[in-house]
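Everything on this sheet refers to the single structure shown next.
The values are calculated or read from the model by the stated rules, or taken from the named source; none is laboratory data. Keep in mind it's a predicted model, so treat the numbers as computed, not measured. Methodologically, a virtual Cβ is constructed for each residue, glycine included, from the backbone with ideal geometry; neighbour enumeration extends over all protein chains shown.
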Amino acid sequence: MEYGSVFSIFKIGVGPSSSHTLGPWIAAKKFVSLLKEIDYTSIEVCLYGSLSKTGKGHCTDIALALGLQGYNPQTIDTEKIAEIIQKNKTDNYIYVDAKKVPFIWSENILFKNRKHEGHPNTMIFIAKNGQKQVLKETFFSIGGGFIEHQGAHISKTKTQKNKIPFRIKKAADLLKYIDSTHTNISDIVLENERSQYSDDVIKSQLRLIYEIMIDCVYSGCNKEGVLPGGLNVKRRAKQINDSLLSQKEKNKEQWLEAIKKTSNKNFDTVNKWISCFSLAINEENANLGRVVTAPTNGAAGVIPAVLLYYLLFCDNSNEKGYESFLLTAAQIGFLFKQGATISAALGGCQAEIGVSSAMAAAGLTEVLGGSPNQALMAAEIAMEHHLGMTCDPIGGLVQIPCIERNAMGAMKAITASTLALTGDPLYAKVDLDSIIKTMWKTAQDMNVKYKETAMGGLAINVPINVSEC
């Protein structure tokens, strides 16, 4: 059974998509690492399934080129991406491990526009020496920036397997450990993380994830203009931000303090801020900005918006509460990853916004003092009301309806938490394991055109001309 670290669910990367941008980027870097002893003169990448159908809108080709050139999605200066790619296209070559390799965009990245039997998000990397193929590797982008390398097997010793104190496959396993230890969900997750990392590393990484989330919100709330891609979607977060704050704050800390003072527990104002937070992140995501997968890029705005709701607007909130919030949310995300999917190409948008809403609902419930059973109940409620949600991005871009769906997912998470906190899990008719099973069955029954292919729903019923990303 796969071990699900918090720091694999929450990855730092670049938008707009974890499965179509971050996953291919990571796969390209992995392929380059396999070329060390290979004598090659060219590289070709073939894309299949959803990657082929919506890859241009998701900037898959850009991600592949950056990955082949060794750029790190966690550290690259996102403001320089356009410049790097333009130079690649003008020069018709890239540098792979300091080796100059001819690279013509239309010839070396091929959108095959057909499915592959391995996975809806399949990439085949081919290295050639002249006309001779010298290396061929297949990768699957399985959602959330996770990749699988076909034919590659990772062996783990018995000692490594036993290193993790709490082996969790289902919510029932989690509850068993909680009952025996009399702790919260976050405590169980923390103990698992301690088997891998020191307390200092855990705290610093959680802080980094939190800071990047808040930095992304702040950045999105202070930018205006039109998002790239051809849909001409206008940024809205700054407009909402400016309508709620009377003056522009000098830095992030002052901005957060000013927001606290605007609400006065007024529902309309709080509601506007939650929408503003989620829109801000996903506008940044659509603009190739730095975001945290939560659990995916397309759903990156839900958890930060709900976390800020807790920190800024809830009574008795704890400044360090983000740690328990993120630990709890991550565990819920991995339950869905193991029992169903977090990939829209496999499960539709229920696998992205639905999962992120469930994660946020559980995290919020724990930090508001709810029991572990109530936290799991909140996650179940949130997913229950996302079941069947399709993924139908217009033009294959993570913009319409994706950006607004993050705001809706955040509000559903808060409502789910409220219902769980005022309810008794003892009388709940549906448990989290049942909803995960149902979500996966729904995903399997869903027509492929509603799985991030831009072949159904809004994607074909809204006639808009879209240019390349």
Hey, LYS100 among the basic types (Lys, Arg) and touching a residue at least 40 places away in the same chain (Cβ under 8 Å) or not: no
Those helices (runs of 4 or more DSSP H) lying entirely in region 383-469 with at least 2 residues modelled with pLDDT under 95: 458-461
Residue count for region 44-59, restricted to those that are at pLDDT 95 or above and out of contact with any Lys or Arg (no Cβ under 8 Å at 6 or more places or on another chain): 1
Looking only at region 103-158, and only at residues there that are of a type in the set (D, E, K, R), surrounded by 12 or more Cβ atoms within 10 Å (Cβ to Cβ) and touching a residue at least 60 places away in the same chain (Cβ under 8 Å), the one that is farthest from LEU34 (Cα to Cα): LYS115
Scope region 423-441; condition of a type outside the set (Asp, Glu) and either surrounded by fewer than 20 Cβ atoms within 10 Å (Cβ to Cβ) or out of contact with any helix residue (DSSP H, G or I) (no Cβ under 7 Å at 6 or more places or on another chain) (or both); matching residues: GLY423, PRO425, LEU426, TYR427, ALA428, LYS429, VAL430, SER434, LYS437, THR438, TRP440, LYS441
Qualifying residue in region 336-353 (condition: modelled with pLDDT of 95 or more, basic (Lys, Arg), touching a Gly at 6+ places or on another chain (Cβ under 9 Å) and in a helix (DSSP H, G or I)): yes
Residue tally, condition charged (D, E, K, R), within 15 Å of ASP215 (Cα to Cα) and either surrounded by 15 or more Cβ atoms within 10 Å (Cβ to Cβ) or at pLDDT 95 or above (or both), over region 235-253: 3
Test for PHE313: is it in contact (Cβ under 8 Å) with a residue 60 or more places away in the chain and of a type in the set (Phe, Trp, Tyr): no
Out of VAL292, VAL270, VAL302, sole residue that is assigned by TED's automatic domain parsing to the domain that holds ARG405, free of Cβ contacts under 8 Å to residues at least 60 places away in the same chain and among the β-branched types (Val, Ile, Thr): VAL270
Residue match in region 209-222 (condition: more than 20 Å from the chain's Cα centre (by Cα), free of Cβ contacts under 8 Å to residues at least 40 places away in the same chain and part of a loop (DSSP other than H, G, I, E, B)): yes
